[in-house]
Amino acid sequence: MVSAILPRRLGAGAAAVPSVLRNRTFRRYWLSQVVSMTGTWMQQVAQSLVVLSLTTSAMAVGAVGIAGSVPLLLLTLHGGIVADRYDRRRILIATQATLSVLAIVFATLVAGGNIAYWHIILLSSLLGTTTAFELPASQALVPELVDHDELPQAIALNSAAFNAARLVGPALAGIAIAAVGLAGAFAANAASFLAVIAVLLSMRGRRTPPRDVPASARQAMSQGLDYVRQQPQLTGLIGLAAATSLLVFPHVTVLLPLYVTAVLGAGSGWVGGMLSCIGFGSLLGALTMLKSGRSPRGAQRRIRIATAGLALGLGGLAAARSPYVAAPVADLLAFCMSLGMTQIATPVQQLAPDELRGRIMSVYALAVTGTTPIAVLLIAGLAEVIGQPWTLLICGIAYAVATGALFALFLRRRLAPAPGATAIAARLAMSATPSSIKAGRTLDSEAPAPFGTSDR
């Protein structure tokens, strides 16, 4: 079954696919991620239904999300240290296996009718803890599988896979739940991790470059944070990701159903329609990145367009009073969010030396996912006090001001490593441990190359 999903050759259609998919190792890994993410969305739908069957308290429903998010906030930076210290492939095998076991526990409890609210809180916390170590390792592994000039396509494909799974997963969850019950969606998710594990096991002969990481977790974390601080472009890009997560994500991921019913006065059918608009716009944004050029100037222009579109999109939703007006605005918002976040992730990867990649990607993951519980609480609380339209408008203005300041302070020059970036990385490593030079190899040998020189 796994070999059917993960083909060894592309066949006659090879010329029509992105060039990075001609890389057999990445192609199989990416296809396994498509399978796994689809299963994850199936489980999320089933878990929501299980929670609603146990409680109607909004606070209790929100507590489940917080239980899964708090471990990300607390442990993601440590996950980055682990991703730099050990073989990332083995970390992912362990985390994928753990996630599969947790899904099996969910399925067993649901099938037996023994699921309780505290089970969901505990399992959500364990899922969040595992994800805190899975995310940095997963993001740091991708550059090891592709050539440097293929990295933008690889990141765009990962984004497209996520958004495609978001569209397909809930539909498959509905089919599985109708056929075999809620436990079927959890069981499908448990099985989906086998595809990833199979591909990771097939990489057994791949060499992992040695990386020096201080034994002290504090020193190791300081290396990554100091490198981000001393690279203005990294600081600006991660700041943009954090601003998007704080001011935009809550409206799209949590509060949209309430906006449709309470502000637009539309029914539940429009809730599904608006969520479909979000999914379609996000997928279109990711696919647009596949066709985009690779010049630093083009990358910076796309980020500017995306951030401007997000500010305008929030303002448009604030002004809309009809779902027929709000739907295309939601499309624009989702398109810009997907385009912007995919484009931001690309230079973050390219500016990160391999010695520090896990820790730098953990800082990025923390900015994107770790701030979510705080953002949801703040934005939901503000909407409760002044209403969603005013909250959307305030967030749009705040986002425009924040992104404008980040561009002015950190992102005025083209997106490429700042002068002396490799020397900074090497100095940070050598200041933390005297064994940073092994067999004549320093961090300079793993320095990130510029973004590229030409558009395609």
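More than 23 Å apart: what percent of Cα pairs in region 56-160 qualify? In whole percent, the long-distance tail amounts to 41. According to the calculation over all Cα-Cα pairs in region 176-275, the P(r) per 5 Å bin from zero is 2, 9, 8, 7, 9, 13, 17, 13, 10, 8, 4, 1 %.
Subtract the Cα-Cα distance of Tyr324 and Arg412 from 0.36 nm times their separation in residues, and report this length gain in nm to one decimal. Don't skip to the answer; put the middle values down first.
Values: separation 88, 0.36 × 88 = 31.68 nm, distance 3.81 nm.
Going from the current span to full extension adds 27.9 nm.
Under the classification rounded if a/c is under 1.5, otherwise prolate if a/b is larger than b/c and oblate if not, where does region 78-121 fall, given a ≥ b ≥ c as square roots of the Cα gyration tensor eigenvalues? Let's see the in-between values first.
Values: a/c = 8.14, a/b = 2.56, b/c = 3.18.
Oblate.
Which loop trypsin sites (Lys or Arg not before Pro) in region 280-321, with loop taken from DSSP, have no more than 15 other Cβ atoms within 10 angstrom of their Cβ? Hits after loop and neighbour filter: Lys291, Arg321.
A P(r) calculated from all alpha carbon pairs of region 28-203, with 10 Å bins opening at zero, reads 10, 35, 38, 15, 3, 0 percent.
Here r is the Cβ-Cβ distance between Ala171 and Arg204 and R0 is 56 Å; the resulting FRET efficiency, rounded to 0.05, is 0.95.
All C-alpha pair distances within region 125-223, sorted into 10 Å bins from zero, spread as 11, 29, 35, 18, 6, 0 percent across the bins. In terms of other Cβ atoms within 10 Å, Glu134, Glu384, Glu355, Glu144 run from fewest to most in the order Glu384, Glu144, Glu134, Glu355.
Any read-out appearing in this document is the output of simple, stated calculations on the displayed coordinates, not a laboratory observation. Since we're looking at a predicted model, the values are computed, not measured. Backbone-built Cβ (ideal geometry, glycine too); neighbour counts: all protein chains shown.
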